[in-house]
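> Pasting a structure below so you can have a look.
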Amino acid sequence: MNADRSYRIGLVGKPSVGKSSFFNAATMNDVPEGAYPFTTIDPSVGEAYVRVDCAAPEFDEECTPSVGYCEGGTRFVPTKLVDVAGLIPGAHEGKGLGNQFLSDLNETDVLVHVVDFSGETDIEGEPTEGHDPRDDIDFLEAELDQWYLGVLEKGITRYESGYVTEEDDIEEDLAEQMSAFGITEDGIKRLVRRIGIGFDPDEWGDVDRLALAREIRTETKPMVIAANKMDTPEAQANYEEITADSDYDHLSILPCSAHAERALKSAAEGGAIDYRPGDDTFEITGDLAPDQEAGLERIRDFIEAYGSTGVQDAIERALFDVLGVVPVFPGGANGLGNERGEVLPDCYLLPPESTAEEFAYGLHSDIGEGFLHAIDCRSNRQLGKAYAVESRDVLEVVTTN
């Protein structure tokens, strides 16, 4: 159970692709932005939001969120966004900020890889023209695979040396060595079977070892691609070509313009427009200079063509589609409210396949220890501890504590 109810989404990518711009657009923070390598040195952590249809209107109630906010029946639930130091080739060998990057990366649950789809930055983040974004996608995956492979090799050496006991199974030593990645012994077994290499590491060649490292990496650090700078013709052409390339079918690639999202949020904060993050349009509500209005209309054309700026979609795709996170509202004994008169003050983001009992422990360890049953506030149906929570459930927990 994610005890603090806050997942950590890692923003990754080479320098100067708009990663910090994406972070600022999503969180409305002001971390440094610049077209030069290593603008981000220490990871910045900010609060972003994911959208959940609020359950309160179904009960003819108006919610009172304790965190986040609700607008027009849409609940904006906070999550953590981590802007990780820029990556260059050779990071797994410690080049650039490699060691720091990989350490920071391991503190995240899922990755959003921000890629400059305009092709205007080379593999090191320097200005150029005509760069193929596929090279950036491939390079990041290769760096991560090599990082995982290095740790995997240590586990194989541990097994071959009989470090613990001679009777150890290979999956035990690998799970122990790679425990920081959140992989279990059963997980190792499942992935070894998936790629069909058997359980004798003496029979694993270099290709087999890399394949296993890649499987563990994709399992423990899933990724979404934010195809940034999609408000340029070059990026749009690259997007059409790459999304038609079957070699990239394994990735979720979303068109994105961090610049457009930041501009819309700034305009909304200044009262110039009515805009809600993730929407496919906006309404001009203030008096604007002709050049400002023209700029906003260009952004309108972009978001109506692609459905949104892509920033909000990338965050939600990472949590809900890739990780399978389940939003659940705690109900109360007196309907939706609690003893303070708050209505649905919380919305918890739970791991997939969480049970009602695990949900109770997420509320508080005492509540979990005294768990009797849960009640579905929509149907008043009693639910046992093994009930698998579903998206947007409203559950009251009955406990001895």
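> Over segment 279-401, with a single point scatterer placed on each C-alpha, what log10 of the ratio I(q)/I(0) does the Debye formula yield at q = 0.12 1/Å?
Here log10 of I(q) over I(0) equals -0.61.
> Mind checking the log10 I(q)/I(0) for the chain at q = 0.06, 0.15 Å⁻¹? Debye, one equal scatterer per Cα, no solvent, two decimals.
-0.29, -1.34
> In deg cm²/dmol, rounded to 500, what helix-only [θ] at 222 nm does the chain give when every DSSP H run of at least 4 residues adds -39500 (n - 2.57) and the total is split over its residues?
Estimated from H runs of four or more residues: -10500 deg cm²/dmol.
> Let me ask you something else. Rank these residues by their accessible area, most exposed first, probe 1.4 Å: His259, His364, His113, His131.
Working: His259 125, His364 90, His113 5, His131 30 Å².
So the residues, ranked largest to smallest area, are His259, His364, His131, His113.
> Just how much of Cys347 is accessible, in Å², when a 1.4 Å probe is used and the result is rounded to the nearest 10?
Rounded to the nearest 10, the figure is 10 Å².
> Under 37 °C and 0.692 mPa s, how fast does segment 164-292 diffuse according to Stokes-Einstein, given a Kirkwood radius computed over C-alpha pairs? Answer in µm²/s, whole number.
Values: Rh = 19.2 Å.
Diffusion coefficient, whole number: 171 µm²/s.
> A further question on this structure: For a 28 Å ceiling on Cα separation, which of these pairs sit above it: Lys14/Lys221; Lys80/Lys265; Lys19/Lys189; Lys154/Lys189; Lys19/Lys154?
Values: Lys14/Lys221 17 Å; Lys80/Lys265 19 Å; Lys19/Lys189 36 Å; Lys154/Lys189 18 Å; Lys19/Lys154 32 Å.
Long pairs (Cα-Cα over 28 Å): Lys19/Lys189; Lys19/Lys154.
> Please figure out what share of the DSSP beta bridges in the chain is antiparallel and state it in percent, rounded to the nearest 5.
60
> So, one more: Could you tell me what percent of the accessible area of the chain is made up of carbon and sulfur, with a 1.4 Å probe and every protein chain present? Can you show the working numbers first?
On the way: 7790 of 17940 Å².
C and S fraction of accessible area: 43 percent.
> Kindly report, to the nearest 10 Å², the accessible surface of Val45 as traced by a 1.4 Å probe over protein heavy atoms only.
70
> Could you order Val115, Val398 by accessible surface area, starting with the largest, using a probe radius of 1.4 Å? Working shown, then result.
Details: Val115 0, Val398 35 Å².
The most accessible residue leads, giving Val398, Val115.
> Where the centre of each part is set by its Cα atoms, how far does segment 379-394 sit from segment 173-206, in angstrom?
Result: 35 Å between the Cα centres.
> Per residue, how much accessible area does the chain have with a 1.4 Å probe, in Å²?
Details: 17940 Å² over 401 residues.
With the other protein chains kept in place, the chain gives 45 Å² per residue.
The values are calculated or read from the model by the stated rules, or taken from the named source; none is laboratory data. Remember, it's a predicted structure, so these values are computed and weren't measured experimentally. These accessible areas exclude ligands, DNA and RNA; they are computed on the full protein's heavy atoms, side chains included. Shrake-Rupley method; radii C 1.70, N 1.55, O 1.52, S 1.80 Å.
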